[in-house]
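Trainee: Please see the structure below; I have some questions.
The values are calculated or read from the model by the stated rules, or taken from the named source; none is laboratory data. On a predicted model such as this, the values are computed, not experimentally measured, just so you know. Positions of Cβ are generated from backbone atoms using ideal geometry, with glycine treated the same way; all protein chains shown enter the neighbour counts.
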Amino acid sequence: MRYDGKKSFPLDIKLDKHSSSLPDGIDDKLFQKKPDIGIELIDRSLSRGHPPGIVLIDGGYGNNTRFLKKLGS
C-alpha cells in the first residue's frame, strides 16, 4: 500500500524499554536501542510486502548513521 496523501496508519509499533527499567540494564536480553527497534519494524514491514511510504522518527535517529543507511536502502 502506498501513501495516497489522504490516509495513513501504522503498520506496526513496538515500545522501547529503557535500560533503567530492566533488571540487568543495558545487558538485559530484552534491551534494544531505539534505532535497532526501528530497523526491526521496517524489516518486518518489508517482509510482509508493505514498503513503508512514511517513516516517522524523532531527532535522535538523525545521528545514527547505521539507521539512516538502512532507511535509505
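Trainee: Test of understanding: among PRO51, PRO35, which residue is touching a helix residue (DSSP H, G or I) at 6+ places or on another chain (Cβ under 8 Å) and part of a loop (DSSP other than H, G, I, E, B)? Step through it out loud before you land on a result.
Mentor: Details: PRO35 fails: part of a loop (DSSP other than H, G, I, E, B).
Exactly one residue qualifies, and that residue is PRO51.
Trainee: (1) over 12 Å from LEU71 (Cβ atoms); (2) part of a helix (DSSP H, G or I); (3) not small (Gly, Ala, Ser): which one isn't true of ILE42, the others all being true?
Mentor: Unmet for ILE42, out of (1) over 12 Å from LEU71 (Cβ atoms); (2) part of a helix (DSSP H, G or I); (3) not small (Gly, Ala, Ser): (1).
Trainee: Follow-up question, since we're still on this one. Which is at pLDDT 90 or above and either in contact with a helix residue (DSSP H, G or I) (Cβ under 7 Å, 6 or more places away or on another chain) or loosely packed, with under 12 Cβ neighbours inside 10 Å (or both), of SER21, SER73? Before the answer, list the steps.
Mentor: Numbers: SER73 fails: at pLDDT 90 or above.
Criteria check complete, one pass: SER21.
Trainee: Scan segment 59-67 and tell me whether some residue there is touching a Gly at 6+ places or on another chain (Cβ under 7 Å) and in a loop (DSSP other than H, G, I, E, B). Working first, answer last.
Mentor: Initial filter on segment 59-67 (touching a Gly at 6+ places or on another chain (Cβ under 7 Å)): 61, 67.
This time we only want the ones that are in a loop (DSSP other than H, G, I, E, B), so: none.
No - not one qualifying residue is present in segment 59-67.
Trainee: Ok, one more. Are there any pairs, at least 6 apart or on different chains, whose C-beta atoms fall under 9 Å, with the first in segment 1-19 and over 13 Å from SER45 (Cβ atoms) and the second modelled with pLDDT of 65 or more and of a type in the set (Asp, Glu), and if so, which?
Mentor: As it stands, the answer is LYS17/ASP28; SER19/ASP27; SER19/ASP28, since those pairs meet every condition given.
Trainee: Okay, next question. Identify the residue in segment 22-32 that is in a loop (DSSP other than H, G, I, E, B) and of a type outside the set (Phe, Trp, Tyr) and, among all such residues, is nearest to PHE9 (Cα to Cα). Break it down stepwise before answering.
Mentor: Kept after step one, since they are in a loop (DSSP other than H, G, I, E, B), are these residues of segment 22-32: 22-24, 28-32.
Pick out the ones that are also of a type outside the set (Phe, Trp, Tyr) and you get 22-24, 28-30, 32.
Numbers: LEU22: 30, PRO23: 34, ASP24: 35, ASP28: 32, LYS29: 30, LEU30: 27, GLN32: 24 Å.
Looking at the filtered set, the residue picked out is GLN32.
Trainee: Is one or more of the residues making up segment 5-16 out of contact with any Phe, Trp or Tyr (no Cβ under 9 Å at 6 or more places or on another chain), modelled with pLDDT of 80 or more and not in a loop (DSSP other than H, G, I, E, B)?
Mentor: Within segment 5-16, not a single residue is out of contact with any Phe, Trp or Tyr (no Cβ under 9 Å at 6 or more places or on another chain), modelled with pLDDT of 80 or more and not in a loop (DSSP other than H, G, I, E, B).
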